[in-house]
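What follows draws every value from the coordinates through simple rules; no lab data is involved. For clarity, every value in this text was computed on a predicted model and none was experimentally measured. When we count neighbours, we look across all protein chains shown, and the Cβ atoms used for this are built from the backbone with ideal geometry, even at glycine.
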Amino acid sequence: MGCVGVEATGLPRRQARQLLLEHAWGRVAGEVIARRARAVRIERGVLDIDVVEPAWAKVLVPFVQRIAGRLVRDFPELGVKKLRLRVGGEVALPASAPEPAEGVDSES
């Protein structure tokens, strides 16, 4: 569901972007992670991820850069530059830059 698919919904731009974000998150994070960690918003290139509990934030730390890299590669229209984990509204992991995903030119 890229930009064209979202625009075709006829939703206001903000809602369409949120729909694309939720779709993208489910695709790159996978079903198990997406059920326990929710993509909330992108602000100034930083994607905030709300995690259901602190233990899950710890589990996700090793995967954050890889997931962000997939978002950059597969959904560049979102403009994600960093990912930040939050638990209960508090930052659990400061914004992390994405790790280049396979198929992403690290020099661009």
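Put simply, when 41-51, 86-96 are sorted by average Cβ atoms within 10 angstrom per residue, most first, you get 41-51, 86-96. Taking label points 7 Å from Cα along the Cα-to-Cβ direction, ALA34 and ARG66 give a separation of 1.8 nm.
By the gyration tensor of its Cα atoms, with a ≥ b ≥ c the square roots of the eigenvalues, what is the shape of segment 3-96: rounded for a/c under 1.5, prolate for a/b over b/c, or oblate? Prolate is the answer for segment 3-96, as a/c is 1.5 or above and a/b outweighs b/c.
Between ASP74 and GLU99, the simple label model (points 7 Å from Cα in the Cβ direction) yields a spacing of 1.6 nm.
Using a simple spin-label model with pseudo-atoms 7 Å out from Cα toward Cβ, LEU11 and GLU43 lie 2.0 nm apart. Which part of segment 19-61 falls in the paramagnetic zone of LYS81, meaning amide N under 18 Å from the point 7 Å along Cα-to-beta-carbon? From segment 19-61, the list is 41-49.
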